[in-house]
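Any read-out appearing in this document is the output of simple, stated calculations on the displayed coordinates, not a laboratory observation. Keep in mind that this is a model prediction, so the values were computed, not measured. Glycine also receives a Cβ, built like all others from the backbone with ideal geometry; neighbour counts cover every protein chain displayed.
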């Protein structure tokens, strides 16, 4: 998204006031925890629209909604703070916002590169990464992709970009500006393979005849919450405990059902 001001992201910044706060929650929160997440006096959540399984923009209201938005609001309730949603087109922008302290927590796929600046929780949702090719392509299995003749288009800075950058040794990686642009670039540039979240690729393929997904995933994307490592270990532990509670209580499962998300599953409890 184009930045239109020193503290603005294409006009998609929205301050949302939490409601129905539980007074008991406010009583039990250690003030140092709240302070760690709100050094500037506000609570900012980094939301990624590049993964439609977890967040989307409502076509009528223009407001973000989805599983990650629900979790952000619930986390704000626990801290007794207003939640300010900072919305981006790509995961890399979301991670950069945390790394540069422009957001206080966010939602990303776990990756060791991102882990340099982000303290991740355990995953709350598992999502599958798949390859897409043309119907006439000779490529049939994941192992067929890593050949010098193949160009694989990915969303720049996405979890599967980071993963495939490490894993593919011969195939060339081509980076689209966002996950939503992957299939369009795949078609326009005549590339051999598109890689991405299964549901995004399925939705694109449904609009374009002559495309097919492979039968098996090439990776499992572990979607987690995270906060800047600079916020300290206590903040990271508090966020991790929040995620475990959201899984155990059925909050995540209910959110997936409410938003009619298929093909994603609640991650198991962290041991």
**OP:** Springs between alpha-carbon atoms under 10 Å, Gaussian network over the chain: tell me which of 168, 71, 132 tops the mean-square fluctuations.
**Re:** 168
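Between residue 215 and residue 42, what is the FRET efficiency for a Förster distance of 35 Å, r being their Cβ-Cβ separation, to the nearest 0.05?
Values: r = 47 Å, r/R0 = 1.33.
Given R0 = 35 Å and the Cβ-Cβ separation, E is 0.15.
Rounded to two decimals, what is Rg over Rh for the chain when you use alpha-carbon atoms and the Kirkwood radius? Don't skip to the end; give the middle numbers.
On the way: Rg = 19.0 Å, Rh = 19.3 Å.
When Rh is taken as the Kirkwood radius, the ratio is 0.99.
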**OP:** Could you grab the relative contact order for the chain? Cα pairs under 8 Å, six or more apart, rounded to a whole percent.
**Re:** 23 percent
Subject >> Label-point separation, residue 173 to residue 270 (7 Å along Cα→Cβ), nm >> reply: 2.5 nm
Subject >> Gain on full stretching of the segment that runs from residue 128 to residue 234 - 0.36 nm per residue minus C-alpha separation >> reply: 35.0 nm
Subject >> Pairwise FRET efficiency - residue 165 versus residue 245, Cβ, R0 = 25 Å, nearest 0.05 >> reply: 0.15
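If packing is taken as the mean number of other Cβ atoms within 10 Å per residue, what is the order of 113-121, 101-109, 145-153, highest first? Mind showing how you got there, number by number?
On the way: 113-121: 18.7, 101-109: 23.8, 145-153: 17.1.
The peptides rank, most packed first, as 101-109, 113-121, 145-153.
Sequence gap at least 6, Cα distance under 8 Å: using those rules, report the relative contact order of the range 148-239 to the nearest whole percent. Walk me through the numbers on the way to the answer.
Details: 97 pairs, mean separation 23.6, N = 92.
About 26 percent, as a whole number.
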**OP:** Would you mind checking the range 68-96 for residues with the amide N under 15 Å from a putative spin-label position 7 Å along Cα→C-beta of residue 29?
**Re:** 71-85
Original post:
What number in nm² do you get for the range 127-219 if you take the convex hull of its Cα atoms and divide its surface by four?
Top reply: 5.1 nm²
Original post:
What nm distance separates the two modelled labels at residue 136 and residue 99, each placed 7 Å from Cα along Cα→Cβ?
Top reply: 4.1 nm
